[in-house]
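Each reported figure results from applying straightforward, stated rules to the coordinates on display, with no laboratory input. The structure displayed is predicted, hence computed values, not measured ones. Heads up, the Cβs are rebuilt from the backbone with ideal geometry, glycines too, and the neighbour counts pull from every protein chain shown.
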Amino acid sequence: MVGGEHVGNDRVGGEHAAGGVGHGASEPGASAGTVHHERHGDGVPLVLVHDRALTAAAWDGEVASLAEDHDVVRYDLRGHGRSPAVRGDFSHVDDLRSLLDHLALERAVLVGAGLGARIAVDAALTHPERVHGLVLASPELSGARYRDPYVLAHNDRLRDAAGSTNAPDVIELLLRLWVDGPHRTAGQTDAAVRDRCRSLYEESLSTLAAGTGRSLELRANDRLAELELPVRVLVGELATSDVHDAAALLVAKVRGASVGMLAGVGHQVNLEAPGPFTNVVREFTDRVRTTAADHTD
């Protein structure tokens, strides 16, 4: 499903094996039969997990800066970009764990946007020993259901369009849902952000549509109190009520979690505000690094 439900039936993601380039390389990784990924820089390990129907290229605005002092990994989810289409039921968390294993990363800070935030939370609950902390932008939570009328209406339209051969109509629905959001018209959204997302949606749409199977998930919304690690949440002022509700639940249930709001920004936080987003990630990893050093003294 392109639009997405909070019940574990997204046709999105890659194979459990991972292929790519060595540590510190800047060229793209191999993609045949694997989760396509790239690795850049040295320092605190960061894994960037993109939103639904986008690709790893959604992080173009952050990678160069973060790679100055981080070991940055970004990858195309299964069924997206240059990763293979979904063939049967699968687990995004298994894909992520296998990627960490392949890259010999014992632990990393996970930075997730939208669906990527949902995957990151599930990964931290399933493999807490592999996760230093979470930066979650426009978070979704597995086990929760959409309640915002705007989201429900657009998901209905996406389901109705599932068999359509008119890709531009489907992409426009995605743009209205996940880029413009309920509080802006298309003309009020930054045209460059809209064009960038349109391009990335075009890249993933055929692979998403060809997918068969569902993603296997936790019910993370019922288990957030189990998280015992640093969590930083970022939401756009203009995001859906579902995103704001998820952020509030994370702050209420996870000890020490904090939330920041970006004025005038919608769902695609890192694409609309790459500078502030990068600053938050860097401040967060500095805190994680300091805390880890204190624990080893």
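With a sphere of radius 9 Å drawn around the Cβ of Ala108, what net charge do the other residues whose Cβ falls strictly inside it have (Lys, Arg +1; Asp, Glu -1)? Numbers along the way, then the final one.
Working: positive: Arg107, Arg130; negative: Asp71, Glu106.
Neighbourhood net charge equals 0.
Starting from the amide H of Val265, placed 1.01 Å from N in the peptide plane, find each other amide H under 5 Å away whose residue is 5 or more places distant or on another chain.
Under 5 Å from the amide H of Val265: Glu237, Leu238.
Please give, to one decimal in nm, the separation of the simple spin-label points placed at Ala104 and Ala248, each 7 Å out from Cα toward the Cβ.
4.7
Contact order normalised by length for the chain, with contacts defined as Cα pairs under 8 Å and 6 or more residues apart; what percent is it?
Relative contact order comes out at 22 percent.
Hey, what number do you get for the chain at 222 nm if only DSSP H runs of n ≥ 4 count, each worth -39500 (n - 2.57), divided across all residues, to the nearest 500? Before the final figure, lay out each step's value.
Numbers: 9 runs with 111 residues, N = 297.
The helix-only estimate for the chain comes to -11500 deg cm²/dmol at 222 nm.
Output ³J(HN,Hα) for segment 67-79: one whole-Hz value per residue in order, computed from phi by the Karplus curve 6.51 cos²θ - 1.76 cosθ + 1.60 with θ = phi - 60°, and x for Gly and Pro.
5, 5, 9, 9, 8, 9, 10, 10, 8, 7, 4, 3, x
Listing His92, His70 from the residue with the fewest other Cβ atoms within 10 Å to the one with the most, what is the order? Don't skip to the answer; put the middle values down first.
Details: His92 28, His70 23.
Lowest count first: His70, His92.
Using only the Cα atoms of segment 178-280, build the gyration tensor, take square roots of its eigenvalues as a ≥ b ≥ c, and label the shape rounded, prolate or oblate: rounded if a/c is under 1.5, else prolate if a/b is larger than b/c, else oblate. Present the calculation step by step, with values, prior to reporting the outcome.
On the way: a/c = 2.12, a/b = 1.24, b/c = 1.71.
It comes out oblate by the Cα gyration axes.
With no solvent and one equal point scatterer placed on each C-alpha of segment 95-232, evaluate the Debye formula and give log10 I(q)/I(0) for q = 0.20 Å⁻¹, two decimals.
-1.27
Can you list which of the trypsin sites (Lys or Arg not before Pro) found in segment 100-178 are DSSP loop residues with at most 14 other C-beta atoms within 10 Å? Let's see the in-between values first.
Numbers: sites: Arg107, Arg118, Arg130, Arg145, Arg147, Arg157, Arg159, Arg176; in loops: Arg107, Arg145, Arg147.
Answer by residue number: Arg145, Arg147.
Would you work out if segment 112-158 is rounded, prolate or oblate? Take a ≥ b ≥ c from the square roots of the eigenvalues of the alpha-carbon gyration tensor; rounded if a/c is under 1.5, else prolate when a/b is larger than b/c, oblate otherwise.
Values: a/c = 3.57, a/b = 2.66, b/c = 1.34.
Note, shape of segment 112-158 comes out prolate.
Around Ala57, with a cut-off of 9 angstrom between Cβ atoms, what is the net charge of the other residues, counting Lys and Arg +1 and Asp and Glu -1? It would help to have the intermediate numbers written out before the result.
Details: positive: Arg74, Arg196; negative: Asp60, Asp76, Glu203.
Net local charge, Ala57 excluded: -1.
Quick one, which of [x] 58, 45, 36; [y] 58, 41, 35; [z] 63, 50, 34 is the actual Cα extents along the principal axes in Å calculated for this model?
[y]
Would you mind ranking His36, His244, His127 by Cβ crowding within 10 Å, fewest neighbours first? Don't skip to the answer; put the middle values down first.
Numbers: His36 26, His244 18, His127 15.
Taking fewest neighbouring Cβ atoms as first place, the list is His127, His244, His36.
How big, in percent, is the set of alpha carbon pairs in segment 81-167 lying more than 16 Å apart? Let's see the in-between values first.
Values: 2440 of 3741 pairs.
That tail contains 65 percent of the Cα-Cα pairs.
Within 10 Å, count the other beta carbons around each residue, average over each peptide in 78-85, 54-61, and list them highest first.
Values: 78-85: 25.0, 54-61: 22.6.
The packing order, highest mean first, is 78-85, 54-61.
Mind listing the long-range amide H neighbours of Val44? Cut-off is under 5 Å, sequence gap 5 or more, other chains count too, H placed in the peptide plane at 1.01 Å from N.
Asp71
Can you classify segment 150-202 as rounded, prolate or oblate using the Cα gyration tensor, where a ≥ b ≥ c are the square roots of its eigenvalues, rounded means a/c under 1.5, and otherwise it's prolate if a/b beats b/c and oblate if not? Numbers along the way, then the final one.
Numbers: a/c = 2.71, a/b = 1.28, b/c = 2.11.
Oblate, since a/c reaches 1.5 and b/c is not below a/b.
Suppose we look only past 16 Å in the calculated P(r) of segment 217-273. What percent of the Cα-Cα pairs does that tail hold?
45
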